[in-house]
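Below is one structure, written out as structure tokens; the observations come after it.
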Amino acid sequence: MNPQSVGEAVAQMGVVVAAAGSSRRFGSDKLAVPLRGMTVLQRAVACLRSALPQVPTVVVVRPEDLPARREELTQWGPLRVVPGGAQRQDSVRHGVEALDLDDEALVVIHDGARPFVPPEDVRRVVQAAQGCGAAVLAAPVGDTVKEVTDQGEVVRTWPRERLVRSLTPQVFRVGLLRRAWAAAGGESWTDEAALLESQGFKVMAVPGDPRNLKVTQPEDVSLLAGLFPPDLRVGQGFDVHPLVPGRPLVLAGIPIPHERGLAGHSDADVVLHAVTDALLGACGEGDIGLHFPPTDPQWAGAPSRRFVEFALTRAEEKGWRVVNCDLTVLAEEPRLAPYRSDLVASLAQLLALPPSAVNVKATTTEGLGFVGRGEGIAATAVVLLARR
Ligand code: MG
């Protein structure tokens, strides 16, 4: 089935994302955990929206989470966020009925804690359900599965050839679900497929991507993070200050013994100014002069680490962390080689990086230009930011 033919079935289809769980096993709200720049729930919703863009979608959440979830999901609209019930099965039912579909329609039910499902898998399970009325995505079981007692004693080994892991989406003809619900009374079931099987309805298992994992434990998040390409930004900074008598020379926050120092409004730490601009550049925040104008008296003689700290905070507020920093200092004198490890240590501490992620290079300009004549020192910096 291609996306167009799914699109043609829009009027007969709806999506329910079940997101009303308590995250008890996870320990905190697992749906709000960031996963490469989106929350787990946003990724789950985005998967379904991208596979079935025209299909009406309802996200079922805990009543107390309604305002926050609506806010979180506005950019994936149009979709509706509705309150769930006491158990997953109640929430799914609320979601299905909120869609107000005919019995002949298909409903696609997906776990809000499954942030990765390929669009092809969604379309294949929909196609299977169009044929037989009930289909679930399922992945092969790689490990041998054993049944054990409460004490851990092995009771038996199951033949794994016939076993699959049940995933979502699960897709059902709405009329089948309604009949199963009516017949179920007060029973509980782990998912809607289990309910239908128990009542003798035929449910087809459609092979799906085994990486379609449900976030249950905190470790699952790092497993899943590997599935999404990292979001990276690079920034570069360049700065120059004149060397003059009667000023201390401060580079990367470290006083360097020399008969002249750098002139400037602040402490004129050319290295930290270049690093600040690289950080601001990477996170799209302009440059150092925008935030700390040299005309503002409050920055007279200021230690430049404050500028770096400001830029770091801006980057962090926008969800970025620093990956590494590479720096080149252009100076005819003094020789910086003896201070290289001190400069690295100081920058690493300022940027909260391991020293292995900070590199400092020093070069002369072979006597050429203002640096070659010893009139000033220049510095260039490159930083890489990654989305947390
Ligand atoms: Mg400067």
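The values are calculated or read from the model by the stated rules, or taken from the named source; none is laboratory data. All values derive from a computational prediction rather than experimental measurement. All Cβ positions, glycine included, derive from the backbone under ideal geometry; neighbour counts span all protein chains shown. Side chains included, ligands, DNA and RNA excluded: accessible areas come from the protein's heavy atoms. Shrake-Rupley method; radii C 1.70, N 1.55, O 1.52, S 1.80 Å.
Structural remarks
- Taking segment 325-346 as the range and being over 26 Å from GLU375 (Cβ atoms) and open to solvent by 60 Å² or more (accessible area, probe 1.4 Å) as the test, only SER341 passes.
- Output for segment 349-388, where each listed residue is touching a residue at least 60 places away in the same chain (Cβ under 8 Å), assigned to a loop (DSSP other than H, G, I, E, B) and open to solvent by 60 Å² or more (accessible area, probe 1.4 Å): GLU375, ARG388
- Against the test of being in contact (Cβ under 8 Å) with a residue 24 or more places away in the chain and not assigned by TED's automatic domain parsing to the domain that holds ARG321, the options LEU48, LEU66 yield a single qualifying residue, LEU48.
- Scanning segment 248-264 for residues that are open to solvent by 70 Å² or more (accessible area, probe 1.4 Å) and either charged (D, E, K, R) or within 10 Å of the ligand (Cβ to nearest atom) (or both) yields a single hit, GLU259.
- Of the helices (runs of 4 or more DSSP H) lying entirely inside segment 233-339, those carrying at least 3 residues that are within 24 Å of the chain's Cα centre (by Cα) are 270-282, 305-317.
- When each of VAL270, VAL275 is tested for being over 30 Å from ARG36 (Cβ atoms), within 14 Å of the ligand (Cβ to nearest atom), surrounded by 15 or more Cβ atoms within 10 Å (Cβ to Cβ) and in contact (Cβ under 8 Å) with a residue 24 or more places away in the chain, the lone residue that passes is VAL270.
- At least 2 residues being of a type outside the set (A, V, I, L, M) and in the same structural domain as ARG88 (by TED's automatic domain parsing) is the threshold, and among the strands (runs of 3 or more DSSP E) wholly inside segment 134-210 those reaching it are 145-148, 154-158, 164-173.
- Leading residue by the ranking (nearest to ARG36 (Cα to Cα)) among those in segment 222-242 that are within 16 Å of the ligand (Cβ to nearest atom) and hydrophobic (A, V, I, L, M, F, W, C): PHE238
- Among residues of segment 298-322 that are of a type in the set (A, V, I, L, M, F, W, C), those with a beta-carbon under 7 Å from a residue that is in a loop (DSSP other than H, G, I, E, B) and within 16 Å of the ligand (Cβ to nearest atom) at least six positions away or on a different chain give the pairs TRP299/HIS265; TRP299/SER266; TRP299/PHE292; ALA300/HIS265; ALA302/SER266; ALA302/ASP267; PHE307/PHE292.
- Considering residues of segment 278-291 that are within 13 Å of the ligand (Cβ to nearest atom) and touching a helix residue (DSSP H, G or I) at 6+ places or on another chain (Cβ under 6 Å) only, the residue nearest to LEU351 (Cα to Cα): LEU280
- Residue check for PRO245: assigned by TED's automatic domain parsing to the domain that holds PHE307, away from the ligand (no atom under 14 Å from the Cβ) and either open to solvent by less than 30 Å² (accessible area, probe 1.4 Å) or within 14 Å of ARG305 (Cβ to Cβ) (or both): no
- Answer from VAL96, VAL107, VAL33, VAL125 - the residue that is assigned by TED's automatic domain parsing to the domain that holds GLY208 and within 25 Å of ARG388 (Cα to Cα): VAL33
- So SER23, is it in contact with a helix residue (DSSP H, G or I) (Cβ under 7 Å, 6 or more places away or on another chain) and surrounded by fewer than 19 Cβ atoms within 10 Å (Cβ to Cβ): yes
- Answer residue from segment 211-222, given it is part of a helix (DSSP H, G or I) and among the charged types (D, E, K, R) and is most open to solvent (accessible area, probe 1.4 Å) among those: GLU219
- Filtering segment 54-65 to residues that are open to solvent by 30 Å² or more (accessible area, probe 1.4 Å) and out of contact with any helix residue (DSSP H, G or I) (no Cβ under 7 Å at 6 or more places or on another chain) leaves ARG62, PRO63, GLU64.
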